[in-house]
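Reviewing the structure listed below.
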Amino acid sequence: MRPLPPSARTSLVHVLEHRATQTPDRLAFRFLPDGTGDHPVDWTYGELAKRAGAVAAHLHARGLTQGHIVLALDPGLDYVAGLFGIMQAGCTAVPCFPPFGRRATARFLSVLDDCAPRAVLTDPRFAGQVEQFHQQLTPAAERPQWIFPEADFYQLPDDSPVPSRAVEPALIQYSSGSTGDPKGIVLTHANLLSNCRVLDAHMGYEEDRVGCSWLPPYHDMGLMGTIMLAVHGGWPLVMLSPIHFVQDPYRWLKAITDHKVTISVGPNFAFDLCAQSIGDEELATLDLSRLRQVFCGSEPVSGNTMERFEERFAPVGFDAGSLIPCFGLAEATLFVSGKPEAADTIRTELLDKDALERGHARRVPAPGTTASDVVEVVSCGVVAENHHVIIVDPHTLMPLTDGEIGEIWVHGANVAAGYLSRPELSAETFGARPAGTTDDRAYLRTGDLGFFLDGELFVTGRLKDLIVISGRNLHPQDIEHSVLRAHQDLRRIAAFAVRSETRDEEEVVLVAEFRGTAAEFAAQEKELLQRMTAAVTEDHGVRPGRVHIGPPGTVLMTTSGKVRRRDTRKAYLDGTLRTFPAPAPNGTPAG
Ligand code: 649
């Protein structure tokens, strides 16, 4: 039986209540704690609602009936209970990766500083560090309460009152902004419901739908794309932790096989990893024939990767038609566009590279063109129902016509209210108006570049400096900061992304200035490269693809002393960056 549509409900809190009343025994979530099928933990809607109710009751017992509550539990079922419990208490959930390791701790502390939470719901293993955390927070800020759920946390006496309210805002999503300068996206209950509704409409109804996700539940795709969508749609979600996926990508496809999964999702790199790393023996244990929809988004979708994945897994029943390239961003809650349900193959276009660089999407007649003149772009499909997307010249703000490349602007109920406590930036980003038209709607400026062709959206690049690798958003400022610390004689640094020449993904390129003579540079070059690479790898978990070191003046700057990353990137690609003179053949450096 199709579960009753929850469309009349005003928040996901009400949707969960509805499910727990109508179908209390239906499976809501199955978590695979070790990433395999050995010890699955199942929660029904009844169980989830009971646990969420316990979280809400605990918060009320501590006087927490509103305000920000940071949710920093490990991926798993308690995380889901925490999320719904916080919203049910009338508080605002602020999902955040637990403070495990240097990078995550820095992020965690800057989120706490930015949102000034009334409480932090996190794992008891951090209990001993609270004092240390407090010392690193801004002195003036009020200290949050710390809540460490132990095993009996979820057992409430039968007669305890359970709050049920949904107060605005529902959630603050930190996905934009560098570590030192985080930006919290304020999402309302209406935003969360709208995103579920448009995704539901896009996906269509399917009897016996089962989802599977290993995505981190702290970001938009894992949170609004899988957990919330599953509760909204009333179908079970099989979850494993991102670590278990990264350790062995086979676990994802094995979970799909074992639990009769029909819908899943991942960034491009996940499809690459699977196609590369799953051997013949493992392949023989897979059955992907039930998969009907597999979303791929959050970084550029590569036609080659999609092809490799299809070829590798076709023998175990994978249907190429199930792949759904899609585009979205946390500022629009999540979903902006995706391959139309009715289409059975991915749409790609072969475009003239030179024209593309000049801002025009010009199809190439296939014969007679060499591969280097041609760029293949994958369509990100049609725009979400009731949403409006335009392509705008980022300088003149004039809307562009089909085939012209410009900034992607989005209007609709998915678009967030703004950034927390940043009125100016919010107005700039969320309140843009196109010039020279009668269109007076407010648009979100995505900072992404793309074009429309025959009603479909293609994403071709980024205006913003964000580096997206393996589905992760890296901020150039954070990377540059790590590089600067790697060596005392490095001064300006520019970090940016460039498409790899050997692999179907982007890689980080570092351009740095060395304070010293050519001879000193020649003597230290090896060590510099090694230290810079190590610093970025340790701090950010990505290895820079290429490094260019030159004399002062190599990194292009604005007059006000800001790094001009896009210009430096262009000079790097054109080969016009400054370099140290090569050492003379006799070993004495020239110049
Ligand atoms: C983008 C999220 C798009 C993101 C996903 C729909 C079980 C299984 C499946 C299921 C439910 C349960 O990256 C996701 C829509 C999922 C339906 C799942 O259904 N957000 S972000 O804020 O972290 O980053 C946004 C930026 O990432 C880049 C852009 O720069 C964007 O501004 N990006 C892309 N770049 C190129 N191509 C794309 N297709 C991109 N998508 C995002």
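The values are calculated or read from the model by the stated rules, or taken from the named source; none is laboratory data. All values derive from a computational prediction rather than experimental measurement. Positions of Cβ are generated from backbone atoms using ideal geometry, with glycine treated the same way; all protein chains shown enter the neighbour counts.
Conditions (1) exposed (fewer than 11 other Cβ atoms within 10 Å of the Cβ); (2) more than 29 Å from residue 192 (Cα to Cα); (3) among the aromatic types (Phe, Trp, Tyr), marked per residue:
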residue	(1), (2), (3)
133	no, yes, yes
137	no, yes, no
156	no, no, no
159	yes, yes, no
163	no, no, no
167	no, no, no
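Of all residues in segment 458-467, exactly one satisfies the criterion of being aliphatic (A, V, I, L, M), within 9 Å of the ligand (Cβ to nearest atom) and over 16 Å from residue 183 (Cβ atoms), namely 459. Tell me whether segment 234-253 contains one or more residues that are within 14 Å of the ligand (Cβ to nearest atom) and farther than 29 Å from residue 414 by Cβ. There is at least one residue in segment 234-253 that is within 14 Å of the ligand (Cβ to nearest atom) and farther than 29 Å from residue 414 by Cβ.
Close Cβ contacts (under 9 Å, 6 or more residues apart or on different chains) running from residues in segment 285-304 that are in contact (Cβ under 8 Å) with a residue 24 or more places away in the chain and farther than 17 Å from residue 338 by Cβ to residues that are aromatic (Phe, Trp, Tyr) and crowded, with 18+ Cβ neighbours inside 10 Å comprise 285/250; 286/250; 286/313; 286/318; 288/313; 288/318; 289/318. Once segment 563-573 is narrowed to residues that are part of a helix (DSSP H, G or I) and not aromatic (Phe, Trp, Tyr), the residue that is surrounded by the most Cβ atoms within 10 Å (Cβ to Cβ) is 568. Is at least one residue of segment 187-198 surrounded by fewer than 19 Cβ atoms within 10 Å (Cβ to Cβ), more than 15 Å from the ligand (Cβ to nearest atom), modelled with pLDDT of 95 or more and of a type in the set (Gly, Ala, Ser)? Yes, some residue in segment 187-198 is surrounded by fewer than 19 Cβ atoms within 10 Å (Cβ to Cβ), more than 15 Å from the ligand (Cβ to nearest atom), modelled with pLDDT of 95 or more and of a type in the set (Gly, Ala, Ser). Filter segment 268-318 down to the residues that are of a type in the set (Phe, Trp, Tyr) and in contact with a Gly (Cβ under 9 Å, 6 or more places away or on another chain), then identify the one that is nearest to the ligand (Cβ to nearest atom). Once the filter is applied, the top-ranked residue is 295. Residues of segment 471-498 that are charged (D, E, K, R) and surrounded by 15 or more Cβ atoms within 10 Å (Cβ to Cβ): 472, 478, 480, 492. Mind checking which residues of segment 432-446 are touching a helix residue (DSSP H, G or I) at 6+ places or on another chain (Cβ under 8 Å) and not hydroxyl-bearing (Ser, Thr, Tyr)? Those that are touching a helix residue (DSSP H, G or I) at 6+ places or on another chain (Cβ under 8 Å) and not hydroxyl-bearing (Ser, Thr, Tyr): 442, 444, 445. Inside segment 199-226, can you point out the residues that are closer than 27 Å to residue 473 by Cα and more than 8 Å from the ligand (Cβ to nearest atom)? Within segment 199-226, 200, 202, 214, 215, 216, 217, 218, 222, 223, 224 meet the criteria. Would you confirm, using the coordinates I've provided, whether residue 269 is out of contact with any helix residue (DSSP H, G or I) (no Cβ under 6 Å at 6 or more places or on another chain), in contact (Cβ under 8 Å) with a residue 12 or more places away in the chain and crowded, with 19+ Cβ neighbours inside 10 Å? Yes, satisfied. So is residue 38 assigned to a loop (DSSP other than H, G, I, E, B), touching a Ser or Thr at 6+ places or on another chain (Cβ under 7 Å), among the acidic types (Asp, Glu) and over 30 Å from residue 113 (Cα atoms) or not? Against the criterion (assigned to a loop (DSSP other than H, G, I, E, B), touching a Ser or Thr at 6+ places or on another chain (Cβ under 7 Å), among the acidic types (Asp, Glu) and over 30 Å from residue 113 (Cα atoms)), residue 38 does not qualify.
For every residue, the table says whether it meets (1) closer than 18 Å to residue 499 by Cβ; (2) modelled with pLDDT of 95 or more; (3) exposed (fewer than 15 other Cβ atoms within 10 Å of the Cβ).
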residue	(1), (2), (3)
350	yes, no, no
354	yes, no, yes
362	no, no, yes
365	no, no, yes
371	yes, no, yes
387	no, yes, no
391	no, yes, no
403	no, yes, no
410	no, yes, no
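Kindly indicate whether residue 265 is of a type in the set (A, V, I, L, M, F, W, C), near the ligand (Cβ under 10 Å from one of its atoms) and more than 14 Å from residue 29 (Cα to Cα). Spelling it out, residue 265 is indeed of a type in the set (A, V, I, L, M, F, W, C), near the ligand (Cβ under 10 Å from one of its atoms) and more than 14 Å from residue 29 (Cα to Cα).
Just one of the listed residues (516, 455, 461, 450) is surrounded by fewer than 19 Cβ atoms within 10 Å (Cβ to Cβ), at pLDDT 90 or above and within 29 Å of residue 337 (Cβ to Cβ), namely 455. In segment 140-157, the qualifying residues are those that are among the aliphatic types (A, V, I, L, M) and assigned to a loop (DSSP other than H, G, I, E, B), and the one that is farthest from residue 57 (Cα to Cα) is 140. Within segment 42-57, residues that are crowded, with 24+ Cβ neighbours inside 10 Å have Cβ atoms under 6 Å from residues that are modelled with pLDDT under 95 and of a type in the set (A, V, I, L, M, F, W, C) in these pairs: 53/162, counting only partners at least 6 apart in sequence or on another chain.
Residue pairs whose Cβ atoms lie under 6 Å apart, separated by 6 or more positions or on different chains, with the first residue in segment 318-332 and assigned to a loop (DSSP other than H, G, I, E, B) and the second more than 6 Å from the ligand (Cβ to nearest atom), are 318/288. Scanning segment 534-562 for residues that are surrounded by 13 or more Cβ atoms within 10 Å (Cβ to Cβ) and under 20 Å from residue 580 (Cα atoms) yields 546, 547, 548, 549, 550, 551, 554, 555, 556, 557. Would it be correct to say that residue 258 is more than 23 Å from the chain's Cα centre (by Cα) and more than 9 Å from the ligand (Cβ to nearest atom)? So residue 258 fits the description; yes.
So that you can scan it fast, the table gives a plain yes or no per residue for (1) over 25 Å from residue 420 (Cβ atoms); (2) hydroxyl-bearing (Ser, Thr, Tyr); (3) over 27 Å from the mean Cα position of the chain (by Cα):
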site: 112; (1), (2), (3): no, no, no
site: 116; (1), (2), (3): no, no, no
site: 119; (1), (2), (3): no, no, no
site: 146; (1), (2), (3): no, no, yes
site: 150; (1), (2), (3): yes, no, yes
site: 163; (1), (2), (3): no, no, yes
site: 168; (1), (2), (3): no, no, no
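The lone criterion from (1) part of a helix (DSSP H, G or I); (2) within 16 Å of the ligand (Cβ to nearest atom); (3) surrounded by 21 or more Cβ atoms within 10 Å (Cβ to Cβ) left unmet by residue 112 is number (2). Would you be able to tell me the number of residues in segment 278-300 that are under 17 Å from residue 502 (Cα atoms) and either modelled with pLDDT of 95 or more or surrounded by fewer than 23 Cβ atoms within 10 Å (Cβ to Cβ) (or both)? Of the residues in segment 278-300, 0 are under 17 Å from residue 502 (Cα atoms) and either modelled with pLDDT of 95 or more or surrounded by fewer than 23 Cβ atoms within 10 Å (Cβ to Cβ) (or both). Of the listed requirements (1) touching a Cys at 6+ places or on another chain (Cβ under 9 Å); (2) at pLDDT below 95; (3) within 16 Å of the ligand (Cβ to nearest atom); (4) more than 16 Å from residue 95 (Cβ to Cβ), residue 182 misses just one: (4).
Each row is one residue, and each column tells you yes or no for (1) without any contact (Cβ under 8 Å) to a residue 24 or more places away in the chain; (2) under 19 Å from residue 389 (Cβ atoms).
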{"residue": "425", "(1), (2)": "no, no"}
{"residue": "433", "(1), (2)": "no, yes"}
{"residue": "438", "(1), (2)": "yes, yes"}
{"residue": "452", "(1), (2)": "no, yes"}
{"residue": "459", "(1), (2)": "no, yes"}
{"residue": "474", "(1), (2)": "no, no"}
{"residue": "480", "(1), (2)": "no, no"}
{"residue": "489", "(1), (2)": "no, no"}
{"residue": "493", "(1), (2)": "no, no"}
